[in-house]
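Presented below is the structure to which this report refers.
The values are calculated or read from the model by the stated rules, or taken from the named source; none is laboratory data. Since the model is a prediction, treat every value here as computed from it, not as a measurement. FYI the Cβ positions are ideal-geometry reconstructions off the backbone, even for glycines, and counts take in every protein chain you see.
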Amino acid sequence: MTHVFVDATFSRLTYCDHCQGLLWGLVKQGSTCTGCGMVCHPTCGDKLPPCTHEQPQKPNSSDSPATKSLRTLQERSETPPPVRKPTTTAADFEKVIVSAAIHSSDPSQPVNEYLANLPRLNAQNTAKNFSRFVSRCGPMFSARDQLILLLSWDKPIDTSVALLLYCILCLHPKLMLLVPHAILLQLLITGYNKRFKKANEPTSNGRFKFFTSYDDESSPEYLRNMQNLQNMMGELSDVYDLCASHAHYFDWSSEESMRLFQGTVLSLVLLCVGVWMIPLQWIALVGGISVFLLNTRFAKFVMKEMMPQVTEMGQKHMETAVKWYTQVEKKLDDQENQRELSLYENQRWWSGSGFIPHMLSDERGLWSDITGDVAYAAKEELPAPKGYHWIQDNWTLDTTGPWMDDTLGLEVMVHPESGGWVYTDTHWSNPRKSEEESEKSVTRRRRWIRQCEIDMKYST
């Protein structure tokens, strides 16, 4: 019989039944026969053997009812072809890998099937799904209520058992692997007890339904579910509004964002150190026990009575901490904007005159920096550096040391006398506190300091 070919697209590697060549391409790689199912290249269709699939005989309108019934019985009595058991070989696995590589490189395929196949917005589907959800969300809210009652010591024995089990799980975390099996066994035992109210006596309905029947729209359970959904939506909206009201801390519109960032980094470091030093199971143990204890009636009453005082005290401490941090931050900013200028007064000893402000012709000036290479005007005439202004009215004498080399950023250990003078030799070296030490000092100098601050027009 003649083949009836149609264009076909294959999602995996497929080979021609005639030339055994690979069918290349992303779509419509080849042709397939609608009768026998043979696959080939479009050019190989004429070279294939005749189609072996027998075309179903069309019922003749002139056939008698007996003939039609006989033909139907013959078709039913035909034995189906033997089912071949699927076998997996290395070649099949290789084909799957190559097919997956080709399929993954197709940009027309969606990245995620679920997101690509989401149903469109439809008013009827919305109403239908909402009604279905309301009638089926009862177990979710029931589990929430049971958890709240368990933590609130509604049944002290049950809460004590839960607390004991929680402590055991915290001390032996590997037992968490048994929790799914324990839950499954609990469900099976509960189902068995509900299936048989008495020994060997089935319930009236004949079988146990783990999920309760759907609540009717006029039932009290349905209205209770509506109430729970109403309250849940209100609570989630309140949480969202609370988060939105504090969103300005995260948009860097004020200095609060930087403080929050610094506090977060600092707390993260402290938390990492704490987690590294304290085992996580002990942290979970203490935290869980605290949750159980804080939900007792005694603890709730104490917190209710003491909460205003604790809140006020915490707010005061927080304000104190913020004020201290603000002061520290201001000092750091002032240090960045302020500068301390050093000016050294130099004198040399002359016979008959003592130490006077008169230098040799080839040495440093009367006023200079610490090295003596840069000469300055007298302190009464020296202006502030360019871009700065003095924030102190007068120069201050340094009588304690050490001296600072502003160029190299190094400290020089000196011990000035009461007048601030440091005595040196003729080369301005070997500083000493007194001119009477070891040998006669012929030079001396002292340091004057004054604070200056950058002008705002230069800072901007």
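Among the residues in segment 427-442, are any surrounded by 12 or more Cβ atoms within 10 Å (Cβ to Cβ), of a type in the set (A, V, I, L, M) and outside any loop (DSSP other than H, G, I, E, B)?
So far as segment 427-442 goes, no, none of its residues is surrounded by 12 or more Cβ atoms within 10 Å (Cβ to Cβ), of a type in the set (A, V, I, L, M) and outside any loop (DSSP other than H, G, I, E, B).
Could you list all residues from segment 374-404 that are at pLDDT below 90, in a loop (DSSP other than H, G, I, E, B) and within 13 Å of residue 340 (Cα to Cα)?
Passing the criteria: 384, 385, 391, 392.
Does at least one position in segment 136-157 carry a residue that is closer than 23 Å to residue 292 by Cβ, among the aliphatic types (A, V, I, L, M) and either in contact with a helix residue (DSSP H, G or I) (Cβ under 7 Å, 6 or more places away or on another chain) or at pLDDT below 90 (or both)?
yes
Could you check residue 416 against (1) over 15 Å from residue 349 (Cβ atoms); (2) in contact with a Ser or Thr (Cβ under 7 Å, 6 or more places away or on another chain); (3) part of a strand (DSSP E or B) and say which number it fails?
(3)
Being loosely packed, with under 13 Cβ neighbours inside 10 Å and polar (S, T, N, Q) is the filter here; which residues of segment 397-411 pass it?
Within segment 397-411, 400, 407 qualify.
Need pairs with beta-carbon distance below 8 Å; first residue surrounded by 12 or more Cβ atoms within 10 Å (Cβ to Cβ) and within segment 319-334, second of a type in the set (A, V, I, L, M, F, W, C) and modelled with pLDDT of 70 or more; sequence gap 6+ or separate chains.
Going by the 8 Å Cβ cut-off, there are no qualifying pairs.
Going through 371, 407 one at a time, which residue ends up being under 16 Å from residue 340 (Cα atoms) and in a loop (DSSP other than H, G, I, E, B)?
407
Among the residues of segment 120-175, how many are of a type in the set (S, T, N, Q) and under 28 Å from residue 280 (Cα atoms)?
Residues flagged as of a type in the set (S, T, N, Q) and under 28 Å from residue 280 (Cα atoms) within segment 120-175 amount to 4.
Would you be able to say whether some residue in segment 353-369 is farther than 12 Å from residue 449 by Cα, surrounded by fewer than 16 Cβ atoms within 10 Å (Cβ to Cβ) and either modelled with pLDDT under 85 or in contact with a Leu (Cβ under 6 Å, 6 or more places away or on another chain) (or both)?
Looking through segment 353-369, at least one residue is farther than 12 Å from residue 449 by Cα, surrounded by fewer than 16 Cβ atoms within 10 Å (Cβ to Cβ) and either modelled with pLDDT under 85 or in contact with a Leu (Cβ under 6 Å, 6 or more places away or on another chain) (or both).
Could you tell me whether segment 295-316 includes any residue that is at pLDDT 90 or above, out of contact with any Pro (no Cβ under 8 Å at 6 or more places or on another chain) and not in a helix (DSSP H, G or I)?
Checking segment 295-316: at least one residue is at pLDDT 90 or above, out of contact with any Pro (no Cβ under 8 Å at 6 or more places or on another chain) and not in a helix (DSSP H, G or I).
Say whether the condition of being in the same structural domain as residue 407 (by TED's automatic domain parsing) and assigned to a loop (DSSP other than H, G, I, E, B) is met by at least one residue in segment 335-344.
No; the residues of segment 335-344 include none that is in the same structural domain as residue 407 (by TED's automatic domain parsing) and assigned to a loop (DSSP other than H, G, I, E, B).
Any residue in segment 115-135 that is surrounded by 10 or more Cβ atoms within 10 Å (Cβ to Cβ) sitting within a Cβ distance under 9 Å of a residue that is of a type in the set (Phe, Trp, Tyr) and not in a helix (DSSP H, G or I)? List the pairs, counting only those 6 or more apart or interchain.
132/214; 135/214
Residue under question is residue 285, and the condition is that it be surrounded by 12 or more Cβ atoms within 10 Å (Cβ to Cβ) and outside any helix (DSSP H, G or I); does it hold?
no
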